[in-house]
1. Taking all protein chains together and a probe of 1.4 Å, list S50, S129 from the most accessible to the least accessible.
2. Could you report the range 45-180's accessible area per residue, 1.4 Å probe, as an integer in Å²?
3. Indicate the gyration tensor shape class of the range 73-194 (rounded, prolate or oblate), computed on the Cα atoms with a ≥ b ≥ c the square roots of the eigenvalues: a/c under 1.5 is rounded; otherwise a/b larger than b/c is prolate and the rest oblate.
4. Give me a comma-separated list of calculated 3J(HN,Hα) values for the range 131-144, in order, Karplus coefficients 6.51, -1.76, 1.60 applied at θ = phi - 60°, integers in Hz, x for any Gly or Pro.
5. Could you give the nm distance between label points at K189 and N139, where each point is 7 Å from its Cα heading toward the beta carbon?
6. Looking at this model, which pairs from K109/K172; K168/K189; K63/K140; K76/K140; K144/K189 are more than 23 angstrom apart at the alpha-carbon?
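The values are calculated or read from the model by the stated rules, or taken from the named source; none is laboratory data. Bear in mind the structure is a predicted one, so any value in this text is a computation, not a measurement. Here the Cβ is made from the backbone with ideal geometry for all residues, glycine too, and neighbour counts use every protein chain on show. Each accessible area value is taken on the protein alone, full model and side chains, heavy atoms only, with ligands, DNA and RNA left out. Shrake-Rupley method; radii C 1.70, N 1.55, O 1.52, S 1.80 Å.
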Amino acid sequence: MKIFIPLFIFLSLITYKQASSQFIIKTLKDLETSVRFAKRHSFDNEKSYSDIEGTPYLCEDFKPGEVYTIDSFLYKVPLRYNIYADEIEFKMDNITHWFAEPQNIVYVKIDELVFVYIQLDTNKNKKGSYYELLVEGKNKLLYKRNITFTEAQGPKPYIEAKPAQFQKGGDKYFLQINNDLPQLITNTKSIIKA
């Protein structure tokens, strides 16, 4: 009996190690063969983001990240969130890519921030959206970041020309109950109503 317990613990640890290791894939090459993605599309007739004041990104640089998919794979890759385009981006072979089918992603973690993709229509006709997950559980508290784009304006009498720019603002909180569609929180009554 004394030999059986340590043997059982040893075999359990080996089995656990094998089971957990099959869910972690660390390379971009594995991501390339497993998850459908697309090259970064050009913005507004080849206009570059660098020609515009402000930034469309949560953070300009790619940060350490994790992508957990519905087929139980975890990819550890550098990521960044393009708030304006509402896309998670990663770089491969010096080309920026984004996930073409984000509904296959359970969550994305960039540094310490966790993002979930929520499909807005069950028929999948409408595009979904990424939300930052603030509180997880049966009822989730979500945070939706927003960046607006303002076209460049030419000079007018007594008014100088204004360059095109990205502006932060209009961020909103949402409540998701039992995996239903997120409901906008505007005040305390909207929380009670939900």
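1. S50, S129
2. For the range 45-180, the per-residue accessible area is 58 Å².
3. Oblate, because a/c is 1.5 or more while a/b does not exceed b/c.
4. Result, rounded to whole Hz: 10, 7, 8, 8, 9, 9, x, 4, 10, 10, 9, 10, 10, 10.
5. Between K189 and N139, the label points sit 1.8 nm apart.
6. K168/K189; K63/K140; K76/K140
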